[in-house]
Amino acid sequence: MKTLNFEDLIQFRKKAQADLNVRELSYAAVSEKSCGLAVGTEHIELLCCGGTGCKASSSAKIVENLKAAIEANGIAGKVDVIVTGCFGFCEKGPIVKVMPDNTFYTQVKPEDADEIVKEHVIGGRRVERLLYVDPKTQEHVSDSKHMDFYRKQKRVALRNCGFIDPENIAEYIARDGYAALSNALQNQTPEEVIDIIKKAGLRGRGGAGFPTGMKWGFARNYQAEHKYVVCNADEGDPGAFMDRSIMEGDPHSVIEAMALCGYCIGANEGLIYIRAEYPLAVHRLKIAIEQARQYGMLGKRIMGSEFDFDIEIRYGAGAFVCGEETALIHSMEGKRGEPTLKPPFPAESGYMGYPTNVNNVETLANVPIILTKGADWFASIGTEKSKGTKVFALAGKINNVGLIEVPMGTTLREIIYDIGGGVKNGKKFKAVQTGGPSGGCLTEKHLDIPIDYESLGAAGSMMGSGGMIVMDEDDCMVSVAKFYLEFTVGESCGKCTPCRIGNKRMLEILTRITEGKGTMDDIEHLKSLAATIKDTALCGLGQTSPNPVLSTIDNFYDEYVEHVKQHTCRAKQCKALLTYTVNPDKCKGCGACARNCPADAIMGDVRKPHVINPFKCIRCGMCQSRCRFDAIQIF
Amino acid sequence: MAKAKEMKLACNVIEQVEAICDKHGNKPGELINILHEAQSLHGYLPEEMQRIIARKLNIPASKVYGVVTFYSFFTMTPKGKHPISVCLGTACYVRGSEKLLEEIKRILNIEVGETTPDGKFSLDCLRCVGACGLAPVVTIGEKVYGRLQPKDVQKILEEVDN
């Protein structure tokens, strides 16, 4: 097709908006009436989540079955099945949404497709058993707007995820896509655009929170033959998946923002550095880039202007340290991803020695909407120093696992209890870990602090990329600290001594403590080692790696002391400190434990209580998982 | 390394690897992209293949080896027919993925990074596939298994094997 110029884009958008009306209107005014072809609805859309999480639960098969059922019932012209990005409510996935009545079906199975089509689409009767049940009232809730999970959320970076078909550029354009780029190219100077981003107060969402407008300004100031815009999509923080969801659900927002950045800093080349572990995101990005080229949103003379910009994809190969911008740049150059000392900052000398601006995916996804809605609108959301919203990946021992977006300044309590629905299985809340391997564990006493970059830092953690893992009374905090340190030791690039050797020594000490061989001096050694590593490591990974250890020592000192002095682990996670026994009152003598014990440590006669030989027991827990009478006790 | 030395690559594999290097203009900057393609062609990156790539790109073999061993995605040992990856991301970890790992190790009698002698299964860990709603998660080949308990492992491995 012919590429679009500024005027064509406006016309194209009008037509695309008309096509998207079924969805837009249902969002604006939720119809409580039952809905279906029977009551005269002319066009129905079935939105099906095609994110990685739901795909793992066979959402592709659901789409296939829905299409087949529509075909079989002869209503193909009136009903469309649309694969969207992530809806966020992963706990209840796979999700199917019916428009225009906005019905939200949860945990749909491929075999439910037929019923949804026959009952709902044709008959106009909702399939009650697939609706969300409010855990407080036990009532069915048919519409996401009335679910606690969504009520306190504000979707800015995720505005199009779960709403549009990410493989169709027309739907992005209908949602004011490429309007910011078109306006900037026609009516704004690069300085004016940078000023708007500065005024909006957007800060880097990758972790450190550096002001984005200022970063663009630095890159603009250096003159060179080539300049580069890099999108950091190397989301390595275990338990965080917002960047992946944005690329899967709304790839054009990232592309548009990169082109805008290129216009501002004077770059004509963009590079997306993405993890090879994200095949679906890569696939959607490739389609989006190709479509953007076809429509003239990328390439030579964008929309008929004088500005050229194109994007290439570069693959990571599994190295956490490559999230650090200098390491990322080395990796893109085909080298080991080792960080280098700053300055020079990438803005001066980055990819191949040329000025380079690196932003993460979520940061970029905020850019187009800031420019269309204005700096004041964005700055009105959030706290004094942290503007806008933040996406968090809520996971762990929480009822509503999923991807959420809230205004900065929302409290942890609101996130965990209102949105997250509280701790799983009615257990007691113990800690929430934010900031991944660079962050820390926050406790009950931190629940009411408003979340922003500063307050999380002051509480001994950090914003990080937005992983938020909830832990309950069954989690041992010494083991959690050890878990993160194992990660850092495994991912340390080995370039600087404090990180390579210091973290290894810390891990050895923590391992000793979890095996009941630690001393009180060990705890002090941990603290002093941590302080040294923080002060002397070369890059962000090393400097922040002791945080999980320090924050658990600060907040759970008693647990460390128990491991050292009493050789006990209250969460019953540290294997070496556990004793397995059989409760003779509960044991029926069925022998299931003895048969399955890999160490032959259990003896006893049939129908008589069995006994575990503590010297042979390897504490694998097999007996407990096989016992049907709950007779295995752990001390 | 010793094992890899004994193996000889088939002529057509060598030609294909050389073609990959040519396609990328034999530029040292393209090393990671070349390694990605070579690994997806052959399944792993034995020493001999690294030497071929080094020669084509006119860089020391030590540099190629340095890059291969730096990134966890690249492997120098062949994977099993059914590569198993246990997610040890934080969400899966707190929901018990370590116990799944122990159980798989016990049943298959291999350690992380190893392949069973019959070549059927290989075992690895990974950090977050982003299906945290299904934690704990194990992937076998392309398929994702969610909400697993140690007692489910035996059955799944038997299913896959058949």
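The values are calculated or read from the model by the stated rules, or taken from the named source; none is laboratory data. Being a predicted model, the structure only gives us computed values, none of them experimental. Positions of Cβ are backbone-derived with ideal geometry, glycine not excepted, and every protein chain shown enters the neighbour counts. We work out accessible area using only protein heavy atoms, side chains counted, and drop any ligands, DNA or RNA first. Shrake-Rupley method; radii C 1.70, N 1.55, O 1.52, S 1.80 Å.
On the stretch given as the range B:130-162, residues that are within 11 Å of chain A (Cβ to nearest Cβ), assigned to a loop (DSSP other than H, G, I, E, B) and hydrophobic (A, V, I, L, M, F, W, C) total 3. Evaluation of residue A:147 against the conditions (1) touching a helix residue (DSSP H, G or I) at 6+ places or on another chain (Cβ under 7 Å); (2) closer than 28 Å to residue A:410 by Cβ; (3) of a type in the set (A, V, I, L, M) shows that the sole unmet condition is (1). Could you tell me whether residue A:335 is more than 26 Å from residue A:451 (Cβ to Cβ), touching a helix residue (DSSP H, G or I) at 6+ places or on another chain (Cβ under 9 Å), within 14 Å of chain B (Cβ to nearest Cβ) and surrounded by fewer than 21 Cβ atoms within 10 Å (Cβ to Cβ)? Yes. Per the conditions (1) modelled with pLDDT under 90; (2) touching a strand residue (DSSP E or B) at 6+ places or on another chain (Cβ under 9 Å), the sole criterion not satisfied by residue B:142 is (2). Looking at the range B:1-107, the helices (runs of 4 or more DSSP H) lying wholly inside it that each contain 1 or more residues that are under 23 Å from residue B:121 (Cβ atoms), away from every other protein chain (no Cβ under 14 Å) and open to solvent by less than 50 Å² (accessible area, probe 1.4 Å) sit at B:2-6. Among the numbered conditions (1) farther than 19 Å from residue A:459 by Cα; (2) of a type outside the set (D, E, K, R); (3) buried (at least 21 other Cβ atoms within 10 Å of the Cβ), the only one that residue A:481 does not meet is (1). The single condition among (1) of a type in the set (S, T, N, Q); (2) outside the structural domain of residue B:157 (by TED's automatic domain parsing); (3) free of Cβ contacts under 8 Å to residues at least 12 places away in the same chain that residue B:50 does not satisfy is (3). Of the strands (runs of 3 or more DSSP E) that lie entirely inside the range A:393-483, those containing 2 or more residues that are out of contact with any Leu (no Cβ under 9 Å at 6 or more places or on another chain) span A:402-407, A:467-472.
For the range A:274-312, what are the residues that are in contact with a strand residue (DSSP E or B) (Cβ under 9 Å, 6 or more places away or on another chain) and at the interface with another protein chain (Cβ under 10 Å from one of its Cβ atoms)? If the condition is that a residue be in contact with a strand residue (DSSP E or B) (Cβ under 9 Å, 6 or more places away or on another chain) and at the interface with another protein chain (Cβ under 10 Å from one of its Cβ atoms), then A:275, A:276, A:277, A:278, A:281 are the ones that fit.
Give the residue that is most open to solvent (accessible area, probe 1.4 Å), with candidates limited to residues of the range A:594-635 that are away from chain B (no Cβ under 12 Å) and on the phi > 0 side of the Ramachandran plot. Once the filter is applied, the top-ranked residue is A:607.
If you go through the range A:450-465 one residue at a time, do you hit one that is within 14 Å of chain B (Cβ to nearest Cβ) and under 21 Å from residue A:157 (Cα atoms)? Yes, that holds for at least one residue.
In the range A:454-476, the residues that are in contact (Cβ under 8 Å) with a residue 12 or more places away in the chain form Cβ pairs under 7 Å with partners that are of a type in the set (Phe, Trp, Tyr) and open to solvent by 20 Å² or more (accessible area, probe 1.4 Å), at six or more places apart or across chains, as follows: A:463/A:453.
Just checking, does the range A:220-239 include any residue being within 25 Å of the chain's Cα centre (by Cα), open to solvent by less than 60 Å² (accessible area, probe 1.4 Å) and at positive phi? Within the range A:220-239, one or more residues are within 25 Å of the chain's Cα centre (by Cα), open to solvent by less than 60 Å² (accessible area, probe 1.4 Å) and at positive phi. Please identify the pairs in which a residue from the range A:405-430 that is without any contact (Cβ under 8 Å) to a residue 60 or more places away in the chain has its Cβ atom under 9 Å from the Cβ atom of a residue that is assigned to a helix (DSSP H, G or I) and of a type in the set (Gly, Ala, Ser), counting only partners at least 6 apart or on another chain. If the second residue must be assigned to a helix (DSSP H, G or I) and of a type in the set (Gly, Ala, Ser), the pairs left are A:409/A:455. Can you name every residue in the range A:348-357 that is out of contact with any Pro (no Cβ under 6 Å at 6 or more places or on another chain) and surrounded by 24 or more Cβ atoms within 10 Å (Cβ to Cβ)? Correct list: A:350, A:351, A:355, A:357. In this entry, residue A:591 passes the filter for residues that are farther than 18 Å from residue B:102 by Cα, open to solvent by less than 40 Å² (accessible area, probe 1.4 Å) and of a type in the set (Gly, Ala, Ser).
Does the range B:145-162 hold any residues that are in contact with a Leu (Cβ under 8 Å, 6 or more places away or on another chain) and aliphatic (A, V, I, L, M), and which are they? Within the range B:145-162, B:148, B:153, B:156, B:157 meet the criteria.
Scanning the range B:108-129 for residues that are in a strand (DSSP E or B) and either within 9 Å of chain A (Cβ to nearest Cβ) or closer than 30 Å to residue A:425 by Cα (or both) yields B:125, B:126. Inside the range A:109-129, residues that are crowded, with 20+ Cβ neighbours inside 10 Å and small (Gly, Ala, Ser) make up a count of 1.
With respect to residue A:124, is the statement that it is in contact with a Cys (Cβ under 8 Å, 6 or more places away or on another chain) and of a type outside the set (Asp, Glu) true? Taking the combined requirement at face value, the residue satisfies it. Applying a threshold of 6 Å to beta carbon distances and a minimum spacing of six or more residues, or different chains, the list of pairs starting in the range A:281-296 at a residue that is assigned to a helix (DSSP H, G or I) and ending at one that is open to solvent by 20 Å² or more (accessible area, probe 1.4 Å) reads A:287/A:167. Within the range A:56-71, the residues that satisfy the criterion of being surrounded by fewer than 20 Cβ atoms within 10 Å (Cβ to Cβ) and either touching a strand residue (DSSP E or B) at 6+ places or on another chain (Cβ under 7 Å) or in contact (Cβ under 8 Å) with a residue 12 or more places away in the chain (or both) are A:58, A:61, A:64, A:67, A:68. Screening residue A:167 against (1) under 24 Å from the mean Cα position of the chain (by Cα); (2) open to solvent by less than 60 Å² (accessible area, probe 1.4 Å) leaves a single unmet condition, (2).
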